[in-house]
Amino acid sequence: LIPIGKKTIIEQIFQRFSKHGSNNFFLSVNFKAELIEYYLNSQNLSCNIEYFKENKPMGTAGSLSLLNGKINETFFVSNCDIIIEQDYSEILDYHKKNNNDITIVAALKHYPIPYGTIITSENGKLESLTEKPELTFKINSGMYILEPHLLKEVPEDEFFHITHLIEKIQQRGGKIGVFPVSEKSWIDIGEWDEYLKNSGNEKDN
């Protein structure tokens, strides 16, 4: 319920999905569950929300076992401390065209090195010297697309991260895709500096 602009972050997330015609949400709750449900119910949102509650912390994917049998089509999973500014239908098209079991939305992240870096070979011979290089990584943003059969692979009543599910898919030879978005398209409110930078700038459309 942390505010981003004039709305809470969960409302900002709902709004972005609604732009692409997605208005049915399953919300995993635990801590402050009653407060979250009361607040959202009081907002008269134009979307359907079904709450499902963990009886204990179950990791980033453990609670998905509670949705087994409730979801029978391709679906998105998103952390509630991140915002992705992207055409979600484009991500879904990529997922479908590649017949992925799961698609990870990855944000590009650039890290400048403020020094000249050196690569050497045997006996300290200089191979290369690069002045202030910039490294680029693909970062797991916290948004995914899953096929419904994956819900059967999430163990019941166990602490289970979505990275554990990704490892299971890899081990059985399933298809895992990665859809990159730009660094500016990903806002991680879980990082305090990012929250302070974006909390007053988010537009309410």
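The values are calculated or read from the model by the stated rules, or taken from the named source; none is laboratory data. Remember, predicted model here, so these are calculated numbers, not experimental data. Using ideal geometry, Cβ is built from the backbone for each residue, glycine included, and neighbour counts are taken over all protein chains shown. When the accessible area is computed, the model is the full protein with side chains, heavy atoms only, and any ligands, DNA or RNA have been set aside. Shrake-Rupley method; radii C 1.70, N 1.55, O 1.52, S 1.80 Å.
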From the option list Phe26, Phe14, single residue qualifying as within 20 Å of Met143 (Cβ to Cβ), within 19 Å of the chain's Cα centre (by Cα) and in a helix (DSSP H, G or I) is Phe14
Residue hits (the range 2-20; at pLDDT below 90, open to solvent by 10 Å² or more (accessible area, probe 1.4 Å) and of a type outside the set (Lys, Arg)) are Ile2, Pro3, Gly5, His20
Considering residues that are open to solvent by 60 Å² or more (accessible area, probe 1.4 Å) and part of a strand (DSSP E or B), the number found within the range 147-189 is 2
Reported set for the range 92-115 where residues are closer than 19 Å to Phe137 by Cα and not polar (S, T, N, Q) is Ile104, Val105, Ala106, Ala107, Leu108, Lys109, His110, Tyr111, Pro112, Ile113, Pro114, Tyr115
Taking the range 29-66 and keeping only residues that are in a strand (DSSP E or B) and hydrophobic (A, V, I, L, M, F, W, C), one is left with Val29, Ile49, Phe52
Picked from the range 43-79 (must be open to solvent by less than 60 Å² (accessible area, probe 1.4 Å) and within 18 Å of Pro3 (Cα to Cα)), the residue modelled with the highest pLDDT is Ser78
(message) Asn99 - would you say it is on the phi > 0 side of the Ramachandran plot, open to solvent by 70 Å² or more (accessible area, probe 1.4 Å), without any contact (Cβ under 8 Å) to a residue 40 or more places away in the chain and not β-branched (Val, Ile, Thr)?
(response) no
Wholly inside the range 67-115, strands (runs of 3 or more DSSP E) that include 2 or more residues that are over 19 Å from the mean Cα position of the chain (by Cα) are 102-112
Condition set loosely packed, with under 13 Cβ neighbours inside 10 Å and not hydrophobic (A, V, I, L, M, F, W, C), scope the range 29-42, selection nearest to the chain's Cα centre (by Cα): answer is Lys32
